[in-house]
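What follows is a short report on a single structure.
The values are calculated or read from the model by the stated rules, or taken from the named source; none is laboratory data. Being a predicted model, the structure only gives us computed values, none of them experimental. Here the Cβ positions follow ideal geometry from the backbone for every residue, glycine too, while neighbour counts run over all protein chains shown.
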Amino acid sequence: MLEIVLATRNRDKIREIKKMLNGINASLLSLDDFPGCPKVVEDGETLESNAKKKALVVSQYTKKFSLAEDTGLEVEALSGAPGVHSARFAGDNCTYEDNNKKLLKVMEKLSLGERRAKFRCVAALARPEGGVVTCEGVCEGIIAFEMKGKSGFGYDPLFLLPEYDKTFAELGEEFKNRISHRAQALGKIKEIINNL
């Protein structure tokens, strides 16, 4: 059976990706299975370049297919920030809560109409012999005025979907995993994997 290494150490992402890829024609491994794998510095200027870099480095090290993704929250009023720096928006070694609090602070004077945002996810699948394919997913929403909900991780308590009048964190993991940016990108990757 085909083995694919998930190129992340983020336990929340691993859990979410495994649920989204349930039923694929492959077994999923994590970096825990390859403790010597080098940490990839995410220094790309785009989500795509970071996802590709992670997938290729891990694939070359493990000699297996590797799946990486990079996700960013892009706020229109902040010229697309935090974007590629979403995970480190409040600084190195910051928590999800630190990032959410900083985002609320920089947006505190903005009206509802100025709070448009989108989550973008780029997933990259690399082959051990070289070569990588990418797929993208986008989910549009607005940034809430306060954190709401207990589910999910990252910016989920602030990312409000107007059509449901709920944040990702209020909608719950199962529903989020059907409609999110990551679900869209991984849905396309799933088709590619099943056709290998």
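May I ask you to list the residues in the stretch 24-58 that are without any contact (Cβ under 8 Å) to a residue 12 or more places away in the chain and among the hydroxyl-bearing types (Ser, Thr, Tyr)?
49
Please list, ordered by first then second residue, the pairs with beta carbon atoms under 9 Å, 6 or more apart or interchain, first in the stretch 126-143 and more than 18 Å from residue 188 (Cα to Cα) and modelled with pLDDT of 95 or more, second assigned to a strand (DSSP E or B) and of a type in the set (Val, Ile, Thr).
141/167; 143/75
Out of 51, 55, 77, 87, which single residue is within 17 Å of the chain's Cα centre (by Cα), in a helix (DSSP H, G or I) and under 22 Å from residue 115 (Cα atoms)?
87
Listed residues 153, 168; which is among the aromatic types (Phe, Trp, Tyr) and either at pLDDT 95 or above or more than 16 Å from residue 73 (Cβ to Cβ) (or both)?
None of the others qualify; the one that does is 168.
So, in the stretch 59-84, of the ones that are more than 25 Å from residue 180 (Cα to Cα) and touching a residue at least 60 places away in the same chain (Cβ under 8 Å), which residue ends up surrounded by the most Cβ atoms within 10 Å (Cβ to Cβ)?
59
Report yes if residue 41 is crowded, with 19+ Cβ neighbours inside 10 Å, within 18 Å of the chain's Cα centre (by Cα) and either not aromatic (Phe, Trp, Tyr) or not in a loop (DSSP other than H, G, I, E, B) (or both), otherwise no.
Judged against the criteria, residue 41 is not a match.
Might you let me know whether the stretch 103-120 holds any residue that is in contact (Cβ under 8 Å) with a residue 12 or more places away in the chain, in a helix (DSSP H, G or I) and under 23 Å from residue 16 (Cα atoms)?
Scanning the stretch 103-120, I find no residue that is in contact (Cβ under 8 Å) with a residue 12 or more places away in the chain, in a helix (DSSP H, G or I) and under 23 Å from residue 16 (Cα atoms), so the answer is no.
From the set of residues in the stretch 28-52 that are among the charged types (D, E, K, R) and touching a strand residue (DSSP E or B) at 6+ places or on another chain (Cβ under 8 Å), which is farthest from residue 195 (Cα to Cα)?
42
Quick one: residue 46 ticks every box in (1) surrounded by fewer than 17 Cβ atoms within 10 Å (Cβ to Cβ); (2) among the polar types (S, T, N, Q); (3) modelled with pLDDT under 95 except a single one, so which number is it?
Every listed condition holds for residue 46 apart from (3).
Do we find a residue being in contact with a Ser or Thr (Cβ under 9 Å, 6 or more places away or on another chain) and either among the small types (Gly, Ala, Ser) or at pLDDT 90 or above (or both) anywhere in the stretch 102-114?
no
Go through 25, 10 for me and flag whichever is within 30 Å of residue 196 (Cβ to Cβ), touching a helix residue (DSSP H, G or I) at 6+ places or on another chain (Cβ under 7 Å) and surrounded by fewer than 17 Cβ atoms within 10 Å (Cβ to Cβ).
25
Please verify whether the stretch 38-45 includes one or more residues that are in contact with a Phe, Trp or Tyr (Cβ under 8 Å, 6 or more places away or on another chain) and hydrophobic (A, V, I, L, M, F, W, C).
Among the residues of the stretch 38-45, not one is in contact with a Phe, Trp or Tyr (Cβ under 8 Å, 6 or more places away or on another chain) and hydrophobic (A, V, I, L, M, F, W, C), which makes the answer no.
Given the options 98, 33, 92, 70, name the one that is under 17 Å from the mean Cα position of the chain (by Cα) and not aliphatic (A, V, I, L, M).
70
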